[in-house]
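First the structure, in the form of structure tokens, and then the observations on it.
A short reminder: the numbers here are calculations on the coordinates, not readings from a lab. In this text the structure is predicted, and so the values were computed from the model without any measurement. Don't worry about glycine lacking a Cβ; one is built from the backbone with ideal geometry, like all the others, and counts go over all protein chains shown.
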């Protein structure tokens with residue numbers, strides 16, 4: 001009889017301890033998951049600041065694209081950030097993944113848009129920052145520019 005009493009007491013003690021440890025774990029999990037509006041705003045401000053810094057850095061380091069130099073030496077702008085100002089020749093969709101034809105001087109390019117929200121109308125004058133890809137667009141045969149920022 002003593003063994004049964006001891007076993008039952010031990011079982012009750014284990015269950016009581018298990019119940020206490022669950023209650024402590026739940027509030028800690030909630031504290032880690034919850035965020036305040038202030039923290040969200042700080043994150044947004046940090047991201048905007050980082051983006052502004054990246055754009056400023058890109059504008060400072062960009063090399064003006066000379067289409068004639070590119071035609072003479074297709075690797076002239078390899079691994080360089082370029083800046084090209086020209087005219088949009090075709091309508092394009094807004095957002096990443098779209099593309100359009102672009103004319104700098106007398107040379108036409110195919111611009112691949114890797115920006116989030118830059119849609120420009122046909123005839124607009126635009127400055128494109130990005131890099132020149134070696135080779136040509138398969139559909140149009142035009143030299144390619146990957147645009148990471150446009151204004």
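So what is the relative contact order of segment 64-150, in percent, for Cα pairs below 8 Å that sit 6 or more residues apart?
On the way: 201 pairs, mean separation 25.6, N = 87.
Reported as a whole number, the value is 29 percent.
Is the C-alpha gyration tensor of segment 45-107 telling us rounded, prolate or oblate? Criteria: a/c under 1.5 is rounded; beyond that, a/b larger than b/c is prolate, otherwise oblate.
Numbers: a/c = 2.61, a/b = 1.33, b/c = 1.97.
Oblate shape, in that a/c is at least 1.5 and b/c is the bigger or equal ratio.
Residues of segment 75-100 with the amide nitrogen closer than 13 Å to a label point 7 Å from the Cα of residue 125, along Cα-to-Cβ, please.
Under cut-off, by backbone N: 85-88.
Taking neighbour Cβ counts within 10 Å as the exposure measure, how do 116, 96, 58 sort from fewest upward?
Values: 116 8, 96 12, 58 15.
Listing 116, 96, 58 from fewest to most nearby Cβ atoms yields 116, 96, 58.
For segment 85-151, what class follows from the C-alpha gyration tensor (a ≥ b ≥ c being the square roots of its eigenvalues): rounded when a/c is under 1.5, otherwise prolate if a/b is larger than b/c, else oblate?
Values: a/c = 1.43, a/b = 1.19, b/c = 1.20.
Cα axes put segment 85-151 in the rounded bin.
By count of other Cβ within 10 Å, fewest leading, how are 126, 63, 111 ordered? Mind showing how you got there, number by number?
Details: 126 18, 63 12, 111 28.
Fewest to most other Cβ atoms nearby, the residues stand as 63, 126, 111.
What ranking of 66, 91 emerges when the number of other C-beta atoms within 10 Å of each C-beta is taken as an exposure proxy, fewest first?
Values: 66 16, 91 13.
If I rank by nearby Cβ atoms, fewest first, I get 91, 66.
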